[in-house]
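This report concerns only the one structure given below.
The values are calculated or read from the model by the stated rules, or taken from the named source; none is laboratory data. These figures come from a predicted structure and were not determined experimentally. Cβ placement follows ideal geometry from the backbone for every residue including glycine, while neighbour counts extend to all protein chains displayed. With ligands, DNA and RNA removed, areas are computed over all heavy atoms of the protein, side chains included. Shrake-Rupley method; radii C 1.70, N 1.55, O 1.52, S 1.80 Å.
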Amino acid sequence: MKQKRCKQLFGFLISGLLGWIVCIVGDMADSVFAGIYINEAAVAAVELVAPVFSILMFLCCFIAIGISTLYSRAMGAFDRDLACGLSGLGLIISITSGIILAVGMLLLKDVYFNFYSSSAAVEAYAREYYSCFIILALIYPTHWLLYYLLTADGAMMAAGLIQACLEPCRKAMSDAGLSNSDIDEVILVGGSSR
């Protein structure tokens, strides 16, 4: 049981890290646009604020993926009450964490910028860019939670259809004289097979 929980935590961490990689790509895009349309000081400002955004995204994905995975497991066990309780708890956690992140970022803004020595022009751009992330800190935890919950819900709706198809497939294989080992691949066709 303990090993299973460690495996789940590891899965949450991997998902959070993948979200973090997406952030790095977004940061690179911001840097490119800042360099093309503003100036080098704006590029330096983006890079100065990038660690804050990366940590913010990692925490948001970690919370959202964790809660949505627990939700999926509860729905898979047909425990709708637990699933509803987890989704409600997830919303409370995501809203609370968003407020805590935003207030923490607001309170630590001067500490963060005093830690780095940068020119006045870079700091001015960085402070403006940082202010956008304070607003995102309020929104992102709930946004990502709802995204992953809706994805999990869609997967659970499809799971019922898949279960309903198993017996007809088994009967068709039996009628054809085939076993599972005789099937090399299955080709899925249709919109939900994507």
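Tabulated data for the structure shown
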| item | result |
| --- | --- |
| Exclusive hit being small (Gly, Ala, Ser), on the phi < 0 side of the Ramachandran plot, at pLDDT below 90 and not in a helix (DSSP H, G or I), set Ser72, Ser54, Ser68, Ser117 | Ser117 |
| Candidates Glu40, Glu47 - the one that is under 29 Å from Ser118 (Cα atoms), more than 23 Å from the chain's Cα centre (by Cα) and at pLDDT 75 or above | Glu40 |
| Condition check for Val111: open to solvent by 50 Å² or more (accessible area, probe 1.4 Å) and at pLDDT 90 or above | yes |
| Residue check for Asp81: more than 17 Å from Ser131 (Cα to Cα), over 23 Å from the mean Cα position of the chain (by Cα) and assigned to a helix (DSSP H, G or I) | yes |
| Test: residue in segment 25-46 that is open to solvent by 30 Å² or more (accessible area, probe 1.4 Å) and over 29 Å from Ala124 (Cβ atoms) | no |
| Among (1) under 17 Å from His143 (Cβ atoms); (2) out of contact with any Leu (no Cβ under 7 Å at 6 or more places or on another chain); (3) of a type outside the set (D, E, K, R), the one test that Pro51 misses | (1) |
| Residue in segment 117-138 that is more than 23 Å from Ala42 (Cβ to Cβ), touching a helix residue (DSSP H, G or I) at 6+ places or on another chain (Cβ under 8 Å), in contact (Cβ under 8 Å) with a residue 24 or more places away in the chain and of a type outside the set (A, V, I, L, M) present | no |
